[in-house]
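To start, the structure under review is shown below, and the notes come after it.
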Amino acid sequence: MSPQAVEQDVRGLVDGLNFAQKVDRALSLIEQAHRAYGDRLVVANSLGKDSCVVWDLAKRVSPQIRGFIVTTRYKPRETKAFMRKMVSGYPELEVFENTEPIPDKLYETGPDRCCDILKVQPTRWAIEQMDVACWITGLRCTEGRTRTDFDEVEARDDDLVKLNPILIWHEREVWQYLAINQVPVNPLYAQGYRSLGCEPCTEISTGPNERAGRWIGTSKCGGECGIHTRPLKGDYQI
Ligand code: SF4
(Lines give C-alpha, C1' and ligand atoms only; values in the text may rest on other atoms or scores of the structure.)
Protein backbone atom coordinates (compact mmCIF):
# COMPACT_ATOMS: atom_id res chain seq x y z
CA MET A 1 0.00 0.00 0.00
CA SER A 2 1.41 3.37 -0.97
CA PRO A 3 0.08 6.91 -0.68
CA GLN A 4 -0.37 6.89 -4.44
CA ALA A 5 -2.60 3.80 -4.23
CA VAL A 6 -5.25 5.63 -2.20
CA GLU A 7 -7.34 8.62 -3.21
CA GLN A 8 -5.70 11.47 -1.29
CA ASP A 9 -8.25 14.24 -1.82
CA VAL A 10 -10.68 12.97 0.79
CA ARG A 11 -11.89 16.22 2.36
CA GLY A 12 -15.17 15.97 0.43
CA LEU A 13 -15.79 12.58 2.03
CA VAL A 14 -15.98 14.07 5.54
CA ASP A 15 -19.58 15.04 4.87
CA GLY A 16 -20.00 13.00 1.67
CA LEU A 17 -20.02 9.54 3.27
CA ASN A 18 -22.41 8.32 5.92
CA PHE A 19 -21.32 6.54 9.10
CA ALA A 20 -21.65 2.99 7.71
CA GLN A 21 -19.69 3.92 4.58
CA LYS A 22 -16.92 5.39 6.72
CA VAL A 23 -16.69 2.19 8.78
CA ASP A 24 -16.45 0.13 5.57
CA ARG A 25 -13.79 2.46 4.19
CA ALA A 26 -11.71 2.26 7.38
CA LEU A 27 -11.94 -1.55 7.47
CA SER A 28 -10.95 -1.73 3.81
CA LEU A 29 -7.90 0.49 4.39
CA ILE A 30 -6.75 -1.66 7.31
CA GLU A 31 -7.36 -4.86 5.31
CA GLN A 32 -5.27 -3.54 2.42
CA ALA A 33 -2.48 -2.55 4.80
CA HIS A 34 -2.64 -5.94 6.53
CA ARG A 35 -2.29 -7.70 3.17
CA ALA A 36 0.66 -5.46 2.28
CA TYR A 37 2.54 -5.49 5.60
CA GLY A 38 1.32 -8.52 7.55
CA ASP A 39 2.89 -8.68 11.02
CA ARG A 40 4.73 -5.40 10.43
CA LEU A 41 1.42 -3.52 10.57
CA VAL A 42 1.06 -2.12 14.11
CA VAL A 43 -1.52 0.11 15.82
CA ALA A 44 -0.45 3.12 17.89
CA ASN A 45 -2.89 3.04 20.78
CA SER A 46 -2.95 6.28 22.77
CA LEU A 47 -5.86 5.00 24.90
CA GLY A 48 -8.04 7.86 23.67
CA LYS A 49 -11.45 7.40 22.08
CA ASP A 50 -10.07 7.48 18.53
CA SER A 51 -7.47 4.85 19.33
CA CYS A 52 -10.19 2.68 20.87
CA VAL A 53 -12.08 2.80 17.55
CA VAL A 54 -8.99 2.02 15.50
CA TRP A 55 -7.94 -0.79 17.83
CA ASP A 56 -11.41 -2.35 17.56
CA LEU A 57 -11.42 -2.02 13.76
CA ALA A 58 -7.96 -3.60 13.54
CA LYS A 59 -9.04 -6.53 15.71
CA ARG A 60 -11.98 -7.09 13.34
CA VAL A 61 -9.51 -7.35 10.45
CA SER A 62 -7.13 -9.68 12.33
CA PRO A 63 -6.98 -10.49 16.06
CA GLN A 64 -3.21 -10.95 15.60
CA ILE A 65 -2.49 -7.30 14.78
CA ARG A 66 -0.13 -5.90 17.41
CA GLY A 67 -0.11 -2.50 19.03
CA PHE A 68 1.92 -0.18 21.21
CA ILE A 69 1.07 2.31 23.91
CA VAL A 70 3.29 5.26 24.80
CA THR A 71 2.81 6.30 28.40
CA THR A 72 4.44 9.04 30.45
CA ARG A 73 5.00 9.82 34.15
CA TYR A 74 2.33 12.52 33.81
CA LYS A 75 -0.59 10.44 32.50
CA PRO A 76 -3.69 10.71 34.71
CA ARG A 77 -4.37 7.95 37.24
CA GLU A 78 -7.51 6.96 35.32
CA THR A 79 -5.56 6.61 32.06
CA LYS A 80 -2.95 4.41 33.73
CA ALA A 81 -5.66 2.17 35.19
CA PHE A 82 -7.36 1.96 31.79
CA MET A 83 -3.98 1.09 30.23
CA ARG A 84 -3.43 -1.78 32.68
CA LYS A 85 -6.88 -3.13 31.84
CA MET A 86 -6.24 -2.93 28.10
CA VAL A 87 -2.84 -4.62 28.34
CA SER A 88 -4.20 -7.44 30.51
CA GLY A 89 -6.87 -8.09 27.86
CA TYR A 90 -4.51 -7.75 24.90
CA PRO A 91 -1.01 -9.11 25.58
CA GLU A 92 -0.08 -8.14 22.00
CA LEU A 93 -0.07 -4.49 23.21
CA GLU A 94 3.40 -3.34 24.25
CA VAL A 95 3.99 -0.34 26.52
CA PHE A 96 6.85 2.11 25.94
CA GLU A 97 7.92 4.83 28.39
CA ASN A 98 10.90 7.14 28.66
CA THR A 99 11.86 7.29 32.33
CA GLU A 100 15.02 9.41 31.96
CA PRO A 101 15.30 12.37 34.36
CA ILE A 102 14.04 15.68 32.97
CA PRO A 103 13.85 19.20 34.52
CA ASP A 104 11.03 19.76 36.97
CA LYS A 105 7.90 21.17 35.28
CA LEU A 106 9.46 21.00 31.82
CA TYR A 107 5.87 20.86 30.55
CA GLU A 108 5.60 24.54 31.58
CA THR A 109 9.00 25.81 30.53
CA GLY A 110 9.47 23.72 27.39
CA PRO A 111 6.40 21.69 26.42
CA ASP A 112 7.76 20.88 22.95
CA ARG A 113 10.93 19.46 24.47
CA CYS A 114 8.92 17.62 27.12
CA CYS A 115 6.69 15.98 24.49
CA ASP A 116 9.69 15.17 22.35
CA ILE A 117 11.41 13.34 25.21
CA LEU A 118 8.37 11.68 26.78
CA LYS A 119 6.17 10.97 23.76
CA VAL A 120 8.05 11.16 20.46
CA GLN A 121 11.17 9.32 21.58
CA PRO A 122 9.30 6.25 22.95
CA THR A 123 7.27 6.19 19.72
CA ARG A 124 10.56 5.91 17.81
CA TRP A 125 11.61 3.06 20.12
CA ALA A 126 8.33 1.27 19.50
CA ILE A 127 8.65 1.58 15.74
CA GLU A 128 12.21 0.33 15.80
CA GLN A 129 11.83 -2.47 18.35
CA MET A 130 8.58 -3.81 16.87
CA ASP A 131 10.02 -3.63 13.35
CA VAL A 132 7.08 -1.56 12.15
CA ALA A 133 6.64 -0.96 8.42
CA CYS A 134 3.20 0.64 8.70
CA TRP A 135 1.62 2.16 11.79
CA ILE A 136 -2.07 2.87 12.23
CA THR A 137 -3.22 5.96 14.08
CA GLY A 138 -6.55 7.44 15.16
CA LEU A 139 -5.79 10.89 13.74
CA ARG A 140 -8.84 12.74 12.34
CA CYS A 141 -8.88 15.86 10.16
CA THR A 142 -11.90 17.29 12.00
CA GLU A 143 -10.20 17.42 15.42
CA GLY A 144 -8.77 20.92 15.27
CA ARG A 145 -6.64 23.49 13.50
CA THR A 146 -3.46 21.38 13.40
CA ARG A 147 -5.06 18.28 11.95
CA THR A 148 -6.45 19.47 8.63
CA ASP A 149 -3.38 18.75 6.54
CA PHE A 150 -3.06 14.96 6.71
CA ASP A 151 -3.88 12.08 4.34
CA GLU A 152 -5.25 8.62 4.95
CA VAL A 153 -1.93 7.13 3.85
CA GLU A 154 1.26 9.06 4.48
CA ALA A 155 4.96 8.43 3.90
CA ARG A 156 6.67 11.12 5.96
CA ASP A 157 9.59 8.91 6.96
CA ASP A 158 11.62 6.62 4.72
CA ASP A 159 10.54 2.98 5.04
CA LEU A 160 7.61 3.85 7.26
CA VAL A 161 4.02 4.26 6.12
CA LYS A 162 1.36 5.81 8.33
CA LEU A 163 -2.26 4.85 7.94
CA ASN A 164 -5.01 7.12 9.33
CA PRO A 165 -8.10 5.00 8.64
CA ILE A 166 -10.59 7.24 10.47
CA LEU A 167 -9.17 10.50 9.10
CA ILE A 168 -12.56 11.61 7.73
CA TRP A 169 -14.67 10.74 10.79
CA HIS A 170 -16.48 13.36 12.84
CA GLU A 171 -16.29 13.31 16.66
CA ARG A 172 -19.94 12.22 16.68
CA GLU A 173 -19.14 9.21 14.50
CA VAL A 174 -16.37 8.11 16.86
CA TRP A 175 -18.87 8.04 19.72
CA GLN A 176 -21.44 6.39 17.43
CA TYR A 177 -19.00 3.56 16.68
CA LEU A 178 -17.99 3.12 20.33
CA ALA A 179 -21.63 3.03 21.50
CA ILE A 180 -22.89 0.68 18.78
CA ASN A 181 -20.02 -1.73 19.32
CA GLN A 182 -19.95 -1.31 23.11
CA VAL A 183 -16.24 -0.53 23.14
CA PRO A 184 -14.98 0.48 26.63
CA VAL A 185 -13.35 3.92 26.92
CA ASN A 186 -11.28 5.86 29.43
CA PRO A 187 -13.60 6.94 32.30
CA LEU A 188 -12.27 10.52 32.03
CA TYR A 189 -14.63 11.08 29.10
CA ALA A 190 -17.54 10.82 31.52
CA GLN A 191 -16.20 13.93 33.27
CA GLY A 192 -16.41 16.00 30.06
CA TYR A 193 -12.93 15.65 28.55
CA ARG A 194 -12.94 15.44 24.76
CA SER A 195 -9.22 14.95 24.05
CA LEU A 196 -6.93 13.25 26.55
CA GLY A 197 -3.25 13.75 27.23
CA CYS A 198 -0.97 14.18 30.23
CA GLU A 199 -2.57 15.58 33.38
CA PRO A 200 -0.78 18.98 33.54
CA CYS A 201 -1.53 19.69 29.88
CA THR A 202 -5.18 18.63 29.54
CA GLU A 203 -8.34 20.48 30.53
CA ILE A 204 -12.03 20.09 29.78
CA SER A 205 -13.02 22.24 26.82
CA THR A 206 -16.10 23.09 24.81
CA GLY A 207 -16.56 24.60 21.37
CA PRO A 208 -15.73 23.46 17.87
CA ASN A 209 -12.01 22.73 18.46
CA GLU A 210 -11.95 19.29 20.05
CA ARG A 211 -8.30 19.69 21.10
CA ALA A 212 -8.74 23.17 22.61
CA GLY A 213 -8.20 21.78 26.11
CA ARG A 214 -4.66 20.62 25.30
CA TRP A 215 -1.65 22.74 26.41
CA ILE A 216 -3.80 25.72 27.42
CA GLY A 217 -1.69 28.82 28.14
CA THR A 218 1.24 27.74 25.95
CA SER A 219 2.14 28.27 22.29
CA LYS A 220 1.20 24.62 21.80
CA CYS A 221 -2.47 25.21 22.75
CA GLY A 222 -4.75 22.90 20.79
CA GLY A 223 -1.69 21.58 18.98
CA GLU A 224 0.42 18.47 18.63
CA CYS A 225 2.76 16.40 20.79
CA GLY A 226 4.94 15.73 17.76
CA ILE A 227 4.36 12.09 16.89
CA HIS A 228 2.46 13.18 13.76
CA THR A 229 4.87 15.95 12.79
CA ARG A 230 8.41 14.99 13.90
CA PRO A 231 10.66 12.47 12.13
CA LEU A 232 10.32 8.99 13.56
CA LYS A 233 12.97 7.14 11.59
CA GLY A 234 16.36 7.94 10.11
CA ASP A 235 18.11 11.20 10.99
CA TYR A 236 16.46 13.03 13.82
CA GLN A 237 17.56 15.14 16.75
CA ILE A 238 15.99 15.30 20.15
S1 SF4 B 1 1.64 16.41 27.17
FE2 SF4 B 1 2.61 17.81 28.69
S3 SF4 B 1 3.46 16.50 30.32
FE4 SF4 B 1 2.95 15.19 28.56
S5 SF4 B 1 4.85 14.99 27.45
FE6 SF4 B 1 3.74 16.71 26.51
S7 SF4 B 1 4.39 18.60 27.61
FE8 SF4 B 1 5.07 16.78 28.81
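The values are calculated or read from the model by the stated rules, or taken from the named source; none is laboratory data. The structure presented is a predicted model; accordingly, all values stated were derived computationally and were not measured. Methodologically, a virtual Cβ is constructed for each residue, glycine included, from the backbone with ideal geometry; neighbour enumeration extends over all protein chains shown. All accessible areas refer to the heavy atoms of the entire protein, side chains included, with ligands and DNA or RNA removed. Shrake-Rupley method; radii C 1.70, N 1.55, O 1.52, S 1.80 Å.
Worth a mention:
- Heavy-atom accessible surface of the chain: percent carbon and sulfur, 1.4 Å: 49
- Computed over the chain, the per-residue total of -39500 (n - 2.57) for DSSP H runs of n ≥ 4 gives a 222 nm mean residue ellipticity of -9500 deg cm²/dmol, rounded to 500.
- Extreme residue, positive dipole direction of the chain, given options V61, T79, L93 (C-beta unit charges): T79
- Averaged over its residues, the chain has an accessible area of 46 Å² per residue, based on protein heavy atoms and a 1.4 Å probe.
- Legend: calculated FRET efficiency, E128 to I102, from the Cβ-Cβ distance at R0 = 30 Å, rounded to 0.05, equals 0.90.
- The H on the amide N of F96, modeled in the peptide plane, is under 5 Å from the matching H of I69, V70, T71, each at least 5 residues off or on a different chain.
- Of all complete DSSP H helices in the chain, those with a Cα span along the helix axis of 20 Å or greater and a mean Kyte-Doolittle hydropathy of -0.5 or more are 19-37.
- Highest-fluctuation residue, I166, I216, I102 considered, GNM on the chain with Cα pairs under 10 Å: I102
- Secondary structure note: in the chain, about 25% of the DSSP beta bridges are antiparallel.
- GNM flexibility winner over the chain from V43, V53, V95 (Cα, springs under 10 Å): V95
- Modelled FRET efficiency - R0 41 Å, R156 with T206, Cβ distances, 0.05 increments: 0.80
- A Förster radius of 30 Å combined with the Cβ-Cβ distance from A179 to T229 puts the calculated FRET efficiency at roughly 0.45.
- Taking Q182, Q121, Q64 as the candidate residues, the one with maximal mean-square fluctuation in a Gaussian network model of the chain, Cα springs under 10 Å, is Q182.
- Placing dummy labels 7 Å off each Cα toward the beta-carbon, the span from R172 to S88 is 3.7 nm.
- Principal axis box of the chain, alpha-carbon based, largest edge first, Å: 46, 38, 35
- Overall dimensions of segment 1-137 as given by Cα atoms, namely Rg and Dmax in Å: 16.7, 48
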